[in-house]
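Reading through the structure tokens given below for one structure.
The values are calculated or read from the model by the stated rules, or taken from the named source; none is laboratory data. All of these numbers come straight from a predicted model, not from anything done at the bench. In this analysis, Cβ positions are derived from the backbone assuming ideal geometry, glycine residues included, and neighbour counts consider all displayed protein chains. Surface accessibility is based on the protein's heavy atoms, side chains included, excluding ligands, DNA and RNA. Shrake-Rupley method; radii C 1.70, N 1.55, O 1.52, S 1.80 Å.
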Amino acid sequence: MNSNQLPVNEYSQFNATYIKALDGVNLIEELEISLHDFIKFVQNIPMDKFDYRYAEGKWTIKDIIQHIIDAERIFGYRALRISRNDKTPLPGFEENDYVENTNANGRSIQELLTEFSAVRHSSLLLFKSFSSAQLTRMGIASNHPISVRAIGFLIIGHLKHHQKIFGERYL
């Protein structure tokens with residue numbers, strides 16, 4: 001399935017920002033392509049930029065990479081629960097609390113990229129394992145209905161959003 005075929009009733013208006021920014025990408029293919037594109041992109045960032053903050057209180061590139069990793073883990077967990085027909089509404093999470101409670105800036109960029117790669121490979125295997133019926137299954141996350149496949153596109157769109165921010169505000 002391509003992102004432009006995803007019905008709008010399968011995700012919230014908030015998530016539409018990430019999903020509608022995708023240009024008709026295939027879910028499984030883009031989970032893999034975006035992994036490699038992101039790693040290449042980050043490896044070309046000058047070393048002195050990884051701890052840079054473009055304004056007081058803003059996250060560093062390392063903080064954002066850790067945020068991407070944390071969010072993808074949460075999104076994957078949501079997709080798993082919904083795919084298994086778990087009807088329990090899944091809570092949101094406070095991204096700022098997560099960032100404040102990591103050691104991202106004390107880690108090397110290679111450690112962060114290795115962890116990101118492992119998490120993305122796990123997500124890729126998870127989404128490949130879903131049947132067509134599981135991909136269209138709906139659940140509630142952060143007080144909004146969402147499908148398993150929409151979560152997959154959200155993972156991709158969230159990564160691309162932050163990659164764009166790197167280019168606009170950090171480089």
Name the residue that is farthest from T88 (Cα to Cα), counting only residues in the range 116-137 that are of a type in the set (D, E, K, R) and crowded, with 16+ Cβ neighbours inside 10 Å. R120
Restricting the search to the range 21-62, which residues are hydrophobic (A, V, I, L, M, F, W, C) and over 25 Å from F153 (Cβ atoms)? I45, M47, F50, A55
Of N26, N105, N101, N85, which residue is open to solvent by 50 Å² or more (accessible area, probe 1.4 Å) and either under 14 Å from the mean Cα position of the chain (by Cα) or under 27 Å from I146 (Cα atoms) (or both)? N85
Members of the range 1-22 found to be open to solvent by 20 Å² or more (accessible area, probe 1.4 Å), within 12 Å of I151 (Cα to Cα) and either charged (D, E, K, R) or touching a Lys or Arg at 6+ places or on another chain (Cβ under 9 Å) (or both), listed by number: Y18
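For (1) among the small types (G, A, S); (2) out of contact with any Ser or Thr (no Cβ under 8 Å at 6 or more places or on another chain); (3) not in a helix (DSSP H, G or I), each residue gets a yes or a no:
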{"position": "L113", "(1), (2), (3)": "no, yes, no"}
{"position": "F116", "(1), (2), (3)": "no, yes, no"}
{"position": "H121", "(1), (2), (3)": "no, yes, no"}
{"position": "F127", "(1), (2), (3)": "no, yes, no"}
{"position": "A133", "(1), (2), (3)": "yes, yes, no"}
{"position": "P145", "(1), (2), (3)": "no, no, yes"}
{"position": "R149", "(1), (2), (3)": "no, no, no"}
{"position": "H158", "(1), (2), (3)": "no, yes, no"}
Leading residue by the ranking (nearest to Y77 (Cα to Cα)) among those in the range 138-159 that are surrounded by fewer than 19 Cβ atoms within 10 Å (Cβ to Cβ) and not aliphatic (A, V, I, L, M): S142
Residue count for the range 29-47, restricted to those that are open to solvent by 30 Å² or more (accessible area, probe 1.4 Å), hydrophobic (A, V, I, L, M, F, W, C) and more than 30 Å from V148 (Cα to Cα): 1
For the range 121-141, pairs from a residue that is on the phi < 0 side of the Ramachandran plot to a residue that is outside any helix (DSSP H, G or I) and open to solvent by 70 Å² or more (accessible area, probe 1.4 Å), with Cβ under 6 Å and 6 or more apart or across chains, are I140/P89
Tell me which of these F50 doesn't satisfy, since it passes every other one: (1) more than 13 Å from the chain's Cα centre (by Cα); (2) open to solvent by 30 Å² or more (accessible area, probe 1.4 Å). (2)
